[in-house]
1. Taking region 60-81 on its own, how many of its residues are in contact with an Asp or Glu (Cβ under 7 Å, 6 or more places away or on another chain) and buried (at least 18 other Cβ atoms within 10 Å of the Cβ)?
2. Name every residue in region 30-59 that is part of a loop (DSSP other than H, G, I, E, B), without any contact (Cβ under 8 Å) to a residue 40 or more places away in the chain and open to solvent by 70 Å² or more (accessible area, probe 1.4 Å), in order of residue number.
3. Note down all Cβ pairs under 6 Å where the first residue falls in region 73-97 and is without any contact (Cβ under 8 Å) to a residue 40 or more places away in the chain, the second is surrounded by 10 or more Cβ atoms within 10 Å (Cβ to Cβ) and in a strand (DSSP E or B), and they're at least six residues apart or on different chains.
4. Within region 60-97, which residues are under 14 Å from Leu21 (Cα atoms) and part of a strand (DSSP E or B)?
5. Kindly provide the set of residues from region 82-97 that are open to solvent by 90 Å² or more (accessible area, probe 1.4 Å) and closer than 28 Å to Val60 by Cα, ordered by number.
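The values are calculated or read from the model by the stated rules, or taken from the named source; none is laboratory data. Here the structure is a predicted model, which is why all the values come from computation and not from measurement. Here the Cβ positions follow ideal geometry from the backbone for every residue, glycine too, while neighbour counts run over all protein chains shown. Ligands, DNA and RNA are excluded from the accessible area calculation, which covers all protein heavy atoms including side chains. Shrake-Rupley method; radii C 1.70, N 1.55, O 1.52, S 1.80 Å.
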Amino acid sequence: MKSLKLLVFLLLPLLSNAQLLKGVIYDSEAKVKGAKIINRTQNILTYSNDEGAFQIEAKVNDVLVINSYFHEQFFLNTSKSHFDETIVIELKKITNE
């Protein structure tokens, strides 16, 4: 019984089909640090580092929401191609007139 629990514990991550999605966030001037990336489908949260880079667990068809002060909110529906390489996301600055 104990070995069955161990086997299930070891196989559970394989059954979830979650993969690591890697990306870089920038705007028209520079890379965006401290942007909040939320996997709304799986309730996972992470932030971009000083270089604008981030990693988050996701599956195909998950919805990612990217928020940053002074930038418009960005939504991304993940597809199979997003997991093949580092994705690049450009945020639009919010301007006051």
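1. Going residue by residue through region 60-81, those that are in contact with an Asp or Glu (Cβ under 7 Å, 6 or more places away or on another chain) are 71, 78.
Cutting the leftovers down to buried (at least 18 other Cβ atoms within 10 Å of the Cβ) gives us 78.
Counting residues in region 60-81 that are in contact with an Asp or Glu (Cβ under 7 Å, 6 or more places away or on another chain) and buried (at least 18 other Cβ atoms within 10 Å of the Cβ) gives 1.
2. Within region 30-59, Lys33, Arg40, Thr41, Asn43, Asn49, Asp50, Glu51 meet the criteria.
3. Between residues of region 73-97 that are without any contact (Cβ under 8 Å) to a residue 40 or more places away in the chain and residues that are surrounded by 10 or more Cβ atoms within 10 Å (Cβ to Cβ) and in a strand (DSSP E or B), the close pairs are Gln73/Asn67; Phe74/Ile66; Phe75/Val65; Leu76/Leu64; Asn77/Val63.
4. Let us first name the residues in region 60-97 that are under 14 Å from Leu21 (Cα atoms), namely 60-66, 76-89.
If the condition is that a residue be under 14 Å from Leu21 (Cα atoms) and part of a strand (DSSP E or B), then Val63, Leu64, Val65, Ile66, Leu76, Asn77, Ile87, Val88, Ile89 are the ones that fit.
5. Going through region 82-97, the residues open to solvent by 90 Å² or more (accessible area, probe 1.4 Å) turn out to be 84-85, 88, 90, 92, 94-97.
Hits for region 82-97 are Asp84, Glu85, Val88, Glu90, Lys92.
Rundown of residues vs (1) modelled with pLDDT of 95 or more; (2) over 10 Å from the mean Cα position of the chain (by Cα); (3) not acidic (Asp, Glu), yes/no style:
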site: Leu12; (1), (2), (3): no, yes, yes
site: Asn17; (1), (2), (3): no, yes, yes
site: Ile25; (1), (2), (3): yes, yes, yes
site: Ser28; (1), (2), (3): no, yes, yes
site: Gly34; (1), (2), (3): yes, yes, yes
site: Asn39; (1), (2), (3): yes, no, yes
site: Gln42; (1), (2), (3): no, yes, yes
site: Thr46; (1), (2), (3): yes, no, yes
site: Asp50; (1), (2), (3): yes, yes, no
